[in-house]
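Student: Just dropping this structure here.
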Amino acid sequence: MITDPRKNTKYTVNDFLIHPHFVVLDPELTLGLPPFFTAITAMDALSHAVEGYIGDAHCRTTDRYSEIAIQMIFKNIDKVYK
């Protein structure tokens, strides 16, 4: 994402050459976050899940993944925020 503050515009950069080959996801790394960062991270995840559900590129598969993500976020946000 590139932001042009003069034009108040954001540009997406997307190419298969810049996609990662693998990622390491360790949810335990997030357990020590202050509540504020937990909340904004959850809201960011929720916005991505909703975007996946209603965005132009959605399909039945992405809709289902988005539904699961939204349910998981609402089910667990209180637990991780405290």
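The values are calculated or read from the model by the stated rules, or taken from the named source; none is laboratory data. Just so it is clear, the model here is predicted, and its values are computed rather than measured. Cβ coordinates were reconstructed from backbone atoms using ideal geometry, including for glycine residues, and neighbour counts include every protein chain displayed.
Student: Take the conditions surrounded by 11 or more Cβ atoms within 10 Å (Cβ to Cβ), among the polar types (S, T, N, Q), in contact (Cβ under 8 Å) with a residue 12 or more places away in the chain and assigned to a helix (DSSP H, G or I) and apply them to Thr38. Does it pass?
Tutor: yes
Student: Just to verify a result, which residue in the range 52-73, among those that are out of contact with any His (no Cβ under 9 Å at 6 or more places or on another chain) and touching a residue at least 12 places away in the same chain (Cβ under 8 Å), is nearest to Ala39 (Cα to Cα)?
Tutor: Top of the filtered list is Ile73.
Student: Could you list, in sequence order, all residues of the range 42-82 that are at pLDDT 90 or above and polar (S, T, N, Q)?
Tutor: Ser47, Thr61, Thr62, Ser66, Gln71
Table: residues versus (1) of a type in the set (Phe, Trp, Tyr); (2) loosely packed, with under 10 Cβ neighbours inside 10 Å; (3) part of a strand (DSSP E or B).
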{"residue": "Arg6", "(1), (2), (3)": "no, yes, no"}
{"residue": "Leu29", "(1), (2), (3)": "no, yes, no"}
{"residue": "Ser47", "(1), (2), (3)": "no, no, no"}
{"residue": "Val50", "(1), (2), (3)": "no, no, no"}
{"residue": "Tyr65", "(1), (2), (3)": "yes, no, no"}
{"residue": "Ile68", "(1), (2), (3)": "no, no, no"}
{"residue": "Ile73", "(1), (2), (3)": "no, no, no"}
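Student: Can you tell me which condition Leu33 does not meet? The list is (1) assigned to a helix (DSSP H, G or I); (2) surrounded by 12 or more Cβ atoms within 10 Å (Cβ to Cβ); (3) over 15 Å from the mean Cα position of the chain (by Cα), and all the others hold.
Tutor: (1)
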